[in-house]
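Step one of this worksheet: look at the structure below.
The values are calculated or read from the model by the stated rules, or taken from the named source; none is laboratory data. Note that the structure is a prediction, hence the values are computed from the model and not measured. FYI the Cβ positions are ideal-geometry reconstructions off the backbone, even for glycines, and counts take in every protein chain you see. The protein model used for the area step is the full one, side chains on, heavy atoms only, and it has no ligands, DNA or RNA in it. Shrake-Rupley method; radii C 1.70, N 1.55, O 1.52, S 1.80 Å.
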Amino acid sequence: VSGASARSTAITTQAVTLHATANCFVEIGDSTVIANGLTSHYIPELQTYDIGTGIAFGAADTRHVAVIRDTADGVLYISERN
């Protein structure tokens, strides 16, 4: 998590667990998704969230998670869930 939007590798599951070590903003979307500090979803530091990716059950699709920091760098842990 830094001052520029960063994108994950492809995710193929219906849900992900996100855990951030710093306040940040996230977006889930296609391979061009970009996180924005004004309009993306806010994740407070040291909180864990389960978030749906929008992939339908049984569909062969992919999503990506984009992240950008609020005020300090950190790490966003992403765990794929089924």
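Of note:
- A4 vs. criteria surrounded by 13 or more Cβ atoms within 10 Å (Cβ to Cβ) and not charged (D, E, K, R): no
- Within region 23-82, strands (runs of 3 or more DSSP E) holding 1 or more residues that are touching a residue at least 40 places away in the same chain (Cβ under 8 Å) and closer than 17 Å to I11 by Cβ: 24-29, 64-69, 76-81
- Per-region count, region 32-44, residues in contact with a strand residue (DSSP E or B) (Cβ under 6 Å, 6 or more places away or on another chain) and either closer than 19 Å to T17 by Cα or open to solvent by 40 Å² or more (accessible area, probe 1.4 Å) (or both): 7
- Taken together, the criteria exclude I55 from residues that are within 10 Å of the chain's Cα centre (by Cα), open to solvent by less than 70 Å² (accessible area, probe 1.4 Å) and of a type outside the set (S, T, Y).
- For region 64-76, the set of residues classified as under 23 Å from T32 (Cβ atoms), of a type outside the set (A, V, I, L, M) and out of contact with any Ser or Thr (no Cβ under 7 Å at 6 or more places or on another chain) consists of D70 only.
- Of all the criteria given as (1) open to solvent by 50 Å² or more (accessible area, probe 1.4 Å); (2) among the polar types (S, T, N, Q); (3) part of a strand (DSSP E or B), the one not satisfied by T17 is (1).
- Of all residues making up region 5-14, the number that are assigned to a loop (DSSP other than H, G, I, E, B) and over 10 Å from V67 (Cβ atoms): 5
- Filter pass, A22 being surrounded by fewer than 19 Cβ atoms within 10 Å (Cβ to Cβ) and of a type in the set (A, V, I, L, M, F, W, C): no
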